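Shown next, in structure tokens, is the structure this report addresses.
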Amino acid sequence: MPALCRDCLTPFEDARRCPACRSPRVTRHPELFDLSIAHMDCDAFYASVEKRDNPELADKPVIIGGGRRGVVSTACYVARIKGVKSAMPMFKALKLCPEAVVVRPRFDAYVEASKAIRAMMDELTPVVEPLSLDEAFMDLTGTARLHGAPPAVMLARLVKRMQDELGLTGSIGLSHNKFLAKVASDLDKPRGFSIIGAAETTAFLRPKSVRLIWGIGPVAQESMAKAGIRTFDDLLRWDRRDLHDRFGSMGERLYSLARGEDGRRISPHAPVKGLSNETTFNEDTADIDILDGHLWRMSEKVSARAKAKDKAGRVVTLKLKTSDFKLVSKRLSLRHPTQLADTIYRTARDLFDQVSDKGPFRLLGVGLSEITGDDDADREGDLLDPDAGKRAEAERAADRIREKFGADAIMKGRALR
């Protein structure tokens, strides 16, 4: 059986340890050197950047988030073992892991690290489709002759370079389509390298929960459970027409994914249609301070992604879901495209104030759409808001200060909520 050492990158045949360096970090699979569709997902990205930049945090549980009344953006694996999860209220996280070190997000540092990783991926293949700052699909079909090595070797080299040169780790999923590559990347985190081959696809999926399907949230799961669908094996018992009649266009997708089929191509040049961030709360809340803190942090994340992609957007969208699953969505078109957190936040907060339903809410999201390049972003002042230009310059200056002196050099009070 083909095998690969992930430490020294030596390919060999069917052994539990690398014959060259004796490392046990060996990946073995019959289709190891035949597959070329990959998904790379950084391990606890924000927390890993913080630990890299502050070695004193290396062995400590780290939570990225705001003040005690805020929520968890992400957490390192040490904290996750204690039960800390993204979007969890900070007081609950600290109750589970009182020894945790809480660090405020530094999106400028995350953007910089993301760009460095993207540059490494671009050296492997021109077909890279980023999903966020810390994950991307790659199609390495036909690159073996260029690199003198099959895709699996180049992917192992990528994550090794990330660790050696950037001090960051990632997990690889390798398969024959996008759906399965993304599933595979989450099978053995952190520092994983998992493979789902064509020959084993059906047997692998059959006993798995439909929660594996990207985009199947709690509401969709509940709807499928009412139809007796909890696993892929359950899905396989339905024919295409019945799934379509029951679930509409999603039924067609479910029919294909149940069989491990995904015809979507990895598209590096697909236009960015929107940038968004949302969270589902562990407990419904109507607390204005908590919701406002979320709005600011989400606006910062959307802004960071826009700046990382050199993009801006003309439309700001607010998304809310009430405790009884009622969806509320509001949007506002701006006079000029923006990529500034301040503008996104203020617009989202105005939209929030216009919502007649005051909660409690179970989900909150902020988005930016009608995406353009950033050449004309935030160039002109707003006659109705004469201080907008000053705030924009202040945000740009704050970005530069944080980049040079660190996240704590300057911050907004609302980031602590």
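The values are calculated or read from the model by the stated rules, or taken from the named source; none is laboratory data. None of the values given here were measured: they were computed from a predicted structure. Note that we place each Cβ from the backbone using ideal geometry, even for glycine, and neighbour counts take in every protein chain shown. The area values use the complete protein model at the heavy-atom level, side chains included, leaving out ligands, DNA and RNA. Shrake-Rupley method; radii C 1.70, N 1.55, O 1.52, S 1.80 Å.
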**the range 18-40 versus the range 236-289: alpha-carbon centroid distance in Å** = 30
**Fill in**
In a Gaussian network model of the chain with springs linking alpha carbons closer than 10 Å, the residue among SER276, SER303, SER249 that fluctuates most is SER249
**Asked** What's the percent breakdown of Cα-Cα distances in the range 1-113 across 5 Å bins, shortest bin first?
**Response** 2, 12, 17, 14, 11, 10, 12, 12, 8, 3, 0
**Request:** For ASP7, put the label point 7 Å out on the Cα→Cβ axis and report which residues of the range 17-31 keep their amide N under 12 Å from it.
**Result:** 17-26
**Prompt:** Out of SER333, SER36, SER223, any idea which swings most in a Gaussian network model of the chain, alpha carbons joined below 10 Å?
**Reply:** SER223
**Asked** Peptides 171-177, 310-316, 110-116, 350-356: what's the order by average Cβ count within 10 Å, highest mean first?
**Response** 171-177, 310-316, 110-116, 350-356
**Prompt:** Restricting attention to the range 221-263, which GluC sites (Glu not before Pro) occupy a DSSP loop and are surrounded by at most 12 other Cβ atoms within 10 Å?
**Reply:** none
**Peptides ranked, highest mean first, by Cβ atoms within 10 Å: ranges 320-326, 192-198, 126-132, 15-21** = 192-198, 126-132, 320-326, 15-21
**Fill in**
Measure of exposure for THR10: accessible area at 1.4 Å probe, Å² rounded to 10, is 40
**Asked** Kirkwood-based Rg over Rh for the range 141-233 (C-alpha set), two decimals?
**Response** 1.09
**Prompt:** What is the packing order of peptides 80-90, 180-190, taking the mean over residues of other C-beta atoms within 10 Å and listing the highest first?
**Reply:** 180-190, 80-90
**Request:** Any chance you could look up the accessible area of TRP214 with a 1.4 Å probe, heavy atoms only, rounded to 10 Å²?
**Result:** 120
**Asked** Nearest-5 percent of antiparallel DSSP beta bridges in the range 1-139?
**Response** 85
**Request:** With the Cα gyration tensor of the range 164-287 in hand, convert its eigenvalues to equivalent ellipsoid semi-axes via √(5λ) and list them largest first in whole Å.
**Result:** 26, 22, 16
**Item:** Cysteines, the chain, no other Cys beta-carbon under 4.7 Å
**Value:** CYS42, CYS76, CYS97
**Asked** How large is the charge dipole for the range 99-197, taken about the Cα centre, if only the Cβ atoms of Lys, Arg (+1) and Asp, Glu (-1) carry charge, to the nearest 20 debye?
**Response** 140
**Item:** Cβ-placed point charges (K, R +1; D, E -1), dipole of the chain about Cα centre in debye, nearest 20
**Value:** 780
**Item:** Listed residues LEU364, LEU334, LEU158, most fluctuating in the chain (Gaussian network, C-alpha, under 10 Å)
**Value:** LEU334
**From the coordinates shown, volume of the Cα convex hull per residue in Å³ corresponds to which of (1) 209; (2) 158; (3) 195** = (2)
**Distant-in-sequence amide H partners of VAL328 (H built 1.01 Å from N, under 5 Å)** = LEU320, LYS321, THR322
**Prompt:** For the charge dipole of the range 39-187, defined by +1 on Lys and Arg C-beta atoms and -1 on Asp and Glu C-beta atoms about the Cα centroid, which residue among ASN177, MET154, VAL78 has the Cα displaced farthest towards the positive pole?
**Reply:** VAL78
